[in-house]
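Asks: Got a structure for you, questions after.
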Ligand SMILES: *Cc1c(COP(=O)(O)O)cnc(C)c1O
């Protein structure tokens, strides 16, 4: 096992999975319109569609569920959650939400006070961008250029481009910037981390210009562990201390707890000290999510989350988590599969433009490789490329993504290295056949978020 760590848990409850035959896989994929989103999970052997809400809870979390207080208002479960979040963030106010986008729909419109205001992020996650736009704002991404160099060995590919950030603020006018959102880790660019040095610069620029700073921190614990591993001066700090230092650099924390909350559903809004902003969120959460002491969650959900937030900061857990991703990346690289390197926190991103260069972007090379991977091994991955990007709203032309990625997303505490070995073997086989594959044509395409429901047929 040389330099990969061992799992800091053993298995107490199992959920059977089954590999259906190749003939059945062919038939199911055809029926699903060559779109793995449309497959039934029982027809999938290893499901790497997403790490969102797909992980395993610990026995402490299952025990905590039994303590859920289902009072509509002021439940004990809420106060346990609030105490945990305050302890981790150092923030004064906490409001639960049903998931990340719930937190976004409550908080973001309170920041975007006038239509046309700008929000700047390293890279907006897609629901975050959608909520900025729904609130009348415009989302601008401002990530460092190292982010797009797939093979460059750079420790913090999620960082902001600081010079670009400063010039954007000058160009648009500081009074027109509603917020700066630090997405940690940077989900849309491979779960790549952001350094504390970079976040300090972002905070300094924001404060000089009077702009609020938001952390979109679905994977803040993974980010903190990357800092411990890679940033000078943090090797002897605990992950919790590093996380605290991170939260000190922002005013508002939004979280999809389906990631580093280690639960299957949940979200959070935490506010450092701005009482007026807290009141605005408190008013808005009631019609959108629910009363401010439950925000769309049951009491038991909040108790499981209170425990999960603490477990996600445990260093043996984080070490194994990041090692699992690195392990899969190393196997694929050794087998000649082109990936984003170094691997990020929650997934391995595979460069399908390089695997099947003969397929044009608007016939979706990464979707083709996804389908072939399912046929080969019953493995479900997801396209993160031109299919996901969609069409230009004005010209209606297909937009071309920078990279045609296939994402192998690893659920937390769910699969073993044997499963990952199998995934690597199957994908190495598929990649070798890449130059023979044909592209896809739409049979059905929905006008928004088309990747979820689209149906295709293979090119003749
Ligand atoms: C998942 C995610 C969200 C949205 O959260 P949901 O729980 O899926 O609604 C927002 N931002 C980031 C960075 C995410 O990864």
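Asks: Among the residues that make up the range 336-345, is at least one of them more than 17 Å from residue 155 (Cα to Cα) and surrounded by 23 or more Cβ atoms within 10 Å (Cβ to Cβ)? Show your work before the answer.
Replies: Going through the range 336-345, the residues more than 17 Å from residue 155 (Cα to Cα) turn out to be 336-338.
If we keep only those that are surrounded by 23 or more Cβ atoms within 10 Å (Cβ to Cβ) as well, we get 337.
Yes, because at least one residue in the range 336-345 is more than 17 Å from residue 155 (Cα to Cα) and surrounded by 23 or more Cβ atoms within 10 Å (Cβ to Cβ).
Asks: So is residue 141 free of Cβ contacts under 8 Å to residues at least 60 places away in the same chain, closer than 27 Å to residue 180 by Cβ and either out of contact with any helix residue (DSSP H, G or I) (no Cβ under 9 Å at 6 or more places or on another chain) or surrounded by 18 or more Cβ atoms within 10 Å (Cβ to Cβ) (or both) or not? Outline the logic, then answer.
Replies: Details: free of Cβ contacts under 8 Å to residues at least 60 places away in the same chain: yes; closer than 27 Å to residue 180 by Cβ: yes; either out of contact with any helix residue (DSSP H, G or I) (no Cβ under 9 Å at 6 or more places or on another chain) or surrounded by 18 or more Cβ atoms within 10 Å (Cβ to Cβ) (or both): yes.
Spelling it out, residue 141 is indeed free of Cβ contacts under 8 Å to residues at least 60 places away in the same chain, closer than 27 Å to residue 180 by Cβ and either out of contact with any helix residue (DSSP H, G or I) (no Cβ under 9 Å at 6 or more places or on another chain) or surrounded by 18 or more Cβ atoms within 10 Å (Cβ to Cβ) (or both).
Asks: Among the residues of the range 144-181, which ones are under 18 Å from the mean Cα position of the chain (by Cα) and surrounded by fewer than 20 Cβ atoms within 10 Å (Cβ to Cβ)?
Replies: Listed by number, the list holds a single entry, 148.
Asks: Does the range 238-261 hold any residues that are assigned to a loop (DSSP other than H, G, I, E, B), within 16 Å of the ligand (Cβ to nearest atom) and touching a strand residue (DSSP E or B) at 6+ places or on another chain (Cβ under 9 Å), and which are they?
Replies: Initial filter on the range 238-261 (assigned to a loop (DSSP other than H, G, I, E, B)): 238, 248-251, 257-261.
Narrowing further to those that are within 16 Å of the ligand (Cβ to nearest atom): 250, 257-261.
Hits for the range 238-261 are 250, 257, 258, 261.
Asks: Still on this model: Given the structure, is residue 32 surrounded by 13 or more Cβ atoms within 10 Å (Cβ to Cβ) and assigned by TED's automatic domain parsing to the domain that holds residue 422? Explain how you work it out, then say what you get.
Replies: Values: surrounded by 13 or more Cβ atoms within 10 Å (Cβ to Cβ): yes; assigned by TED's automatic domain parsing to the domain that holds residue 422: yes.
Criteria met by residue 32.
Asks: Is it the case that some residue within the range 270-291 is within 16 Å of the ligand (Cβ to nearest atom), crowded, with 17+ Cβ neighbours inside 10 Å and within 21 Å of the chain's Cα centre (by Cα)?
Replies: yes
Asks: Looking only at the range 374-391, count every residue that is touching a strand residue (DSSP E or B) at 6+ places or on another chain (Cβ under 8 Å) and more than 16 Å from residue 452 (Cβ to Cβ) and tell me the total.
Replies: Total meeting the criteria: 4.
Asks: Still on this structure, please answer the following. Check whether at least one residue in the range 68-75 is touching a residue at least 60 places away in the same chain (Cβ under 8 Å) and either within 16 Å of the ligand (Cβ to nearest atom) or assigned to a helix (DSSP H, G or I) (or both), and report yes or no.
Replies: no
Asks: Test each condition in (1) under 18 Å from residue 262 (Cβ atoms); (2) touching a helix residue (DSSP H, G or I) at 6+ places or on another chain (Cβ under 6 Å) for residue 9 and report the one that comes out false.
Replies: Answer for residue 9: the failing condition is (2).
The values are calculated or read from the model by the stated rules, or taken from the named source; none is laboratory data. Because the structure is predicted, anything quoted here is derived from the model rather than measured. Neighbour counts are summed over all protein chains in view; Cβ atoms, including those assigned to glycine, are modelled from backbone coordinates with ideal geometry.
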